[in-house]
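The values are calculated or read from the model by the stated rules, or taken from the named source; none is laboratory data. This structure is a prediction, so every number in the text was calculated from the model and none was measured. Cβ: placed from backbone, ideal geometry, glycine included. Neighbour counts: every protein chain shown.
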Amino acid sequence: MLILSLDHARKLGLVLLVTFSTLTISGIDGAPSQHLAKRGADIAVSTSASASLELPQPGFFADRQPAASFKAVEFDDDDDDQEQQPDDDEFDPEEEEEEEDGPEAGAVVINKAKQPSTPPKSLPSDPYAHYTYEKPYAPAANSLQPGKKARRTMIIGDVHGSLVGLNGFLKQVKFDAKLDEVILAGDLVAKGPQSLEVVDKARQIQARCVRGNHDDKVLRWKGFLDSKKKGIPSDLVENSEHHIIAKKMSKEQYQYLLSCPLILTVPKELSVKKIPIHVVHAGIDPSDNMSKQLPWVLVNVRNILKDGSPSRKKKKGEGWAQLFNDFHSKRVKQGEPDFLLTYGHDAGRSLNVKKWSIGLDTGCVYGRKLSAYVVETGEVYSVNCPDLGLNSDDD
């Protein structure tokens, strides 16, 4: 069941109905490219950015516009507990976890690395990251032919090793493997108890994906382990959860997770608004064009500081999505969005629907919801996830 507080509903300009609510999302695609304060980066990536990634030039700060309406579909199950979503200023388990990566209980820590808060010029483990920047998206065969049964392309928020949450979602929405397609918005692994089983499930249903920050840490560890080199990079934490997952990961699981690009663009032909839909894990730097985003930003950003620097923390600065929407609302004034940006990563802000962007991480691994945006209809599905016993103390 989708839970929205009254304050959140007012921000979205929604009128809530009890039971099934139908809420309609406008699309998105355009990104600024003027620099506010650019940071250099010596990060090698496999670049295949297409013209569709070139977004309109910036102006940045604009008068705020009310969010577009959208359709939300609630799926009832046996657990009807109404859960209060945290306010933006309250504790964010995801952010706290990122503050310092800790080991499993009783594990011996050889190197304990504090993650950078803003984009670093480079990280010691960069040679083992093996990024794919962007991948072409080819729709499934016959998916665009008229007269066919309606298909769904569902962009799903962070699963975080909650296989039971993912399976429950697919069951509730009546997923049809022959017809429907899933895109996972990153962070398939870590936190939950069945990270590699989630990867196997994604492979089984032929889900597409983008790389999340937790996926990135596991991939860096696996790349380092496979290199057989000595001397653990100082930004990798030995005996951490990411290290343990990497050691257990099969070649097939690694290759699948490695295949997840930083950006995936769904073609406009599939969209209900006939606009491209970009999928990233965390977000973007609103001051730059989509095709020029730093990999660190794409998997880590939450806020933009006063000096224009992207930050993975939320205690200072302003949410990147707000600034991003401010810019595009000013750019097109009262016009319809010409693209949509969907992302996960920010469980503390939960379902975050704006005119040009949709945040889909609704804290499934914490026993809240697993949410998805349906490309062909503009609907948002939200399904209850089981309580895995994780809380702020586990981060």
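Of the residues GLY367, GLY308, GLY319, which single one is buried (at least 20 other Cβ atoms within 10 Å of the Cβ) and not β-branched (Val, Ile, Thr)? On inspection, the qualifying residue turns out to be GLY319. Return the residues of the stretch 135-173 that are exposed (fewer than 15 other Cβ atoms within 10 Å of the Cβ), at pLDDT below 95 and of a type in the set (Lys, Arg); say none if nothing qualifies. Once the filter is applied, which keeps residues that are exposed (fewer than 15 other Cβ atoms within 10 Å of the Cβ), at pLDDT below 95 and of a type in the set (Lys, Arg), the stretch 135-173 yields LYS148, LYS149. Among the residues making up the stretch 322-348, those that are closer than 21 Å to GLY378 by Cα and surrounded by fewer than 23 Cβ atoms within 10 Å (Cβ to Cβ) are GLN322, SER329, VAL332, GLN334, GLY335, GLU336, ASP338.
The set of residues in the stretch 264-289 being within 18 Å of the chain's Cα centre (by Cα) and β-branched (Val, Ile, Thr) consists of THR265, VAL266, ILE277, VAL279, VAL280, ILE284.
Test of understanding: among ALA185, ALA246, ALA190, ALA202, which residue is at positive phi, hydrophobic (A, V, I, L, M, F, W, C), under 22 Å from the mean Cα position of the chain (by Cα) and surrounded by 14 or more Cβ atoms within 10 Å (Cβ to Cβ)? Unique residue meeting the criteria: ALA190. Checking each residue in the stretch 334-344 for being more than 12 Å from VAL279 (Cα to Cα) and either at pLDDT 95 or above or among the acidic types (Asp, Glu) (or both) picks out GLU336, ASP338. Each residue in the stretch 298-320 was checked for being within 21 Å of LYS355 (Cα to Cα) and in contact with a Gly (Cβ under 6 Å, 6 or more places away or on another chain), and 4 pass. Scanning the stretch 209-240 for residues that are among the polar types (S, T, N, Q), in contact with a helix residue (DSSP H, G or I) (Cβ under 9 Å, 6 or more places away or on another chain) and not in a helix (DSSP H, G or I) yields a total of 1.
Which residues, counting only those in the stretch 258-290, are of a type in the set (S, T, N, Q) and crowded, with 19+ Cβ neighbours inside 10 Å? I'd like the intermediate steps shown before the answer.
Within the stretch 258-290, the first condition is being of a type in the set (S, T, N, Q), and the residues that meet it are 259, 265, 271, 287, 289.
Hits for the stretch 258-290 are THR265, SER271, SER287, ASN289.
Considered as a group, the residues in the stretch 220-242 that are hydroxyl-bearing (Ser, Thr, Tyr) and surrounded by fewer than 21 Cβ atoms within 10 Å (Cβ to Cβ) include one that is farthest from TYR256 (Cα to Cα), and that residue is SER234. When every residue of the stretch 269-276 is checked against the conditions, at least one turns out to be at positive phi and in contact with a helix residue (DSSP H, G or I) (Cβ under 9 Å, 6 or more places away or on another chain). Under the condition of being under 25 Å from ASN167 (Cα atoms) and not hydrophobic (A, V, I, L, M, F, W, C), the residues counted in the stretch 334-364 number 13.
Within the stretch 290-309, the residues that satisfy the criterion of being over 13 Å from the mean Cα position of the chain (by Cα), among the aliphatic types (A, V, I, L, M) and part of a loop (DSSP other than H, G, I, E, B) are LEU294, LEU305.
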